[in-house]
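Chemist: Quick one: the structure is below, and I'll ask about it shortly.
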Amino acid sequence: MTETAAARLGPGQMAAALEHLPDGVAVLDGEWTVCYVNPAGAALLGCDASTLVGRNLWTALPELGGTVFHSLLLHARSTGPPGTGTGSPVTWQGFYAPAGRWLTATAVVADGLLHLSFRETGPARAGRRAPAGADDRVTDDDGVTDAGVLERDRDADGDRLRFLAEVSDAMISTLDAGESAAQLAQLVLPRLGDWSMVSLIGDDGRPAAEAHAHTDPARRADLDTYLAGRIRGAGDDSPLVAALLSGEPVQLAIDQALVEPSLSTEAVRAAWDRLEATSCTIVPLRARGETFGALVLMISAGRPAHTEMEIATAVEVARRAAVSLDNARLYSRQLKVAETLQHSLLTPPPQPDELEIAVRYVPAATHMHVGGDWYDAFTQPDGATLLVIGDVVGHNVDAAAAMGQVRSIVRAIAYDRGGSPAQTLARVDEVLAGLAIGSLATVLVARVEQSADQARSGLRTLRWSSAGHLPPVLLRPDGTVRLLDTAAERLLGTGAASPHTDHETLLRPDDTVVFYTDGVVEHGRSGIDDGLTRLTGVLAELVHLPLDELCDQMLTRIVDGRTDDDIAVLVLRCHSRV
C-alpha cells in the first residue's frame, strides 16, 4: 500500500476492516485485559465480544487457563529483550477443546500490547477430543518447537483439570449449604492459598453460612480467634463488598491500617499478627444471575501473591462451586416451605381419658426433607378416638401438598359422617375420584370404641380398615407381640371401585398398638417381611418402657442413621381406670 493510499484509511476504516475480517483478532494489555476483539475472534472462542472487552481474559474465559492455547499467550508475552515492549511472534497449531475447534494462532508483543490473530484450520468439531498424536505445538518465529515448554504446560493443564474435577465431585456430595461451604474452604488449600474463608448471604441479605480453613494446624486456633473476635462492619470488609457488587474477583495487598479497626482486643490482634496475611484474592460466588457469597483466598508471608493463572483457576473453582452451593440454597428454600407445610399438618394428638397417644415423624435424608407420610388422631362427636396413619406416593413438596389434601379429606369425612373405618375409606375414595385428585395413598383408619359394659372392665374395641397400608402391631404387657395382619386391599386414589373391610380386636388395659409407615420396615433396603420381623422383635424388648421412650428407642434401634424415606409413627396405649 502506498503512503498516499494508507493516509486515506482513517481509524474508522481500519476498525471496519477488522470487524469484518474472517480471522480472529484480539489485543490485550500487560494486565491481560482484553482491549479489543473482533466478532470473528469472539465467535472462535465460543463467546460474544461484549463479554470480553474490558475484562481480564482469565476471568472472562477461565476455561482457557491451563490449555496449550494459554501456553501460547504466556510464551509470547515472555519473548523479546526485557524492557523493550516488543517480542518475537509465536505460533500455535492445535485443538482448542473449550470451543471444540482446530485453530492456528499467532501472538506477538508490540509496544507492550499482546496482539493475537487466529483462525479455524478445520471444520468445527464441538464435543470431540483431539485425536491421539494430533499436531499440537507451540513454535517461535523460526518454526522451532519448544518441546519442554509444551510438555510442562500439558502436565500443568492435566493437573489443573484433575484439581477442578476433584472440586466438582466433592461439592455435589451434600445439599447442606453449611457443609458445602466448609468443603469449599478446605478444597482450595493449599493450592490456592494458605487460609481461606467462604461467606454465603441469605435471602434477607444477612450472613447465612460461613466457613474457614487453614493449611497449618498450629494457626487454626488463631484463625478461629480472629474471625470470632473481629468487629464486623469496621471497614476491612470493603473489598469483599466490592467483589460482591461488581461480580469480578478483587486482588489486593493487605493494608494493616484497613484491618486495624476490626481488631477488637489484644488477643484478636495477636492472632491476626500470627496469621501473617500479606495479600488476598476475593472471588464472588455467582450462579443463575445472582451473587450470593464470596470465596476469600489468603496468602501469608513467604508466599507470593496470586498469579493471573491462579486467579483464573480460582474463578473456575468458584464458578463450579457456586452451582452446587446455589443448589443447596434452592434446596433449603424448598425445605423451609415443605417443613412449614408439614408442621402445620402434623398436629399434636389428643390425650383422651385413659388413652395415651404418642407420635413421631422422621424426615428423609436423601430426598426432600419431607414427603407424603402423615399421622392424625382426634376425638369423634360420639366420643370414640380415631387414629389415622397414611403415606402418599412421592418424596417432595408435591407429595407433602397431596398428603395435606388426603389428610384433610379423611379428617373431614370421619368427623362429619362418622361410621366405621371401612365406610370412611370408601367415602374418601369417592371424593378423590370425584375431585380428580391424582394421588395414590396407603391409609389405615382405626377407631377405638368402648361400650358401657367394656368401660366397667377397662376393655376397648379396636376397629380398623386398611387401604393397602402395613398392619398394626399389638403389644401385650406380658411381652406378647401380635401382627394385626389382614388380606390386602386396594390403595386410595386408583380410580377403581373396591370394597373396604372392617376388622376388630379387643384391647385390654396396658395394651399398646403401634401404627407406622413403610420407612420403618424398609429402612436399610430390607424387604417388608424382614422389616416386619425386625420391628416385632424390637418392640417385644421395649414393651415395658413408657410410651415416649418406647417410640424413641424403637426409632434409634431401627433407623440407625440417614433414612431413605420419611417415617411416621403413631402409638396408642390403653390405661386402666384407677
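Chemist: Need the full-extension length gain, residue 504 to residue 353, defined as separation in residues times 0.36 nm minus the C-alpha distance. One decimal, nm.
Modeler: My answer for the length gained is 52.3 nm.
Chemist: Take the Cβ-Cβ distance between residue 224 and residue 203 as r, set R0 to 30 Å, and report the resulting FRET efficiency rounded to the nearest 0.05.
Modeler: Efficiency computed from Cβ-Cβ geometry: 0.60.
Chemist: Then there's this: Quick one: length gained pulling residue 47 to residue 29 fully straight, 0.36 nm per residue minus the C-alpha distance?
Modeler: 4.5 nm
Chemist: On full extension of the chain, what length is gained from residue 255 through residue 417, given 0.36 nm per residue of separation minus the C-alpha to C-alpha distance?
Modeler: So the extension gain works out to 50.8 nm.
Chemist: What ranking do 220-228, 175-183 get when scored by the average of other Cβ atoms within 10 Å per residue, highest first?
Modeler: Sorting 220-228, 175-183 by mean packing, highest first, produces 175-183, 220-228.
None of the figures in this text is laboratory data; all of them are computed from the coordinates on show. Since the model is a prediction, treat every value here as computed from it, not as a measurement. Positions of Cβ are generated from backbone atoms using ideal geometry, with glycine treated the same way; all protein chains shown enter the neighbour counts.
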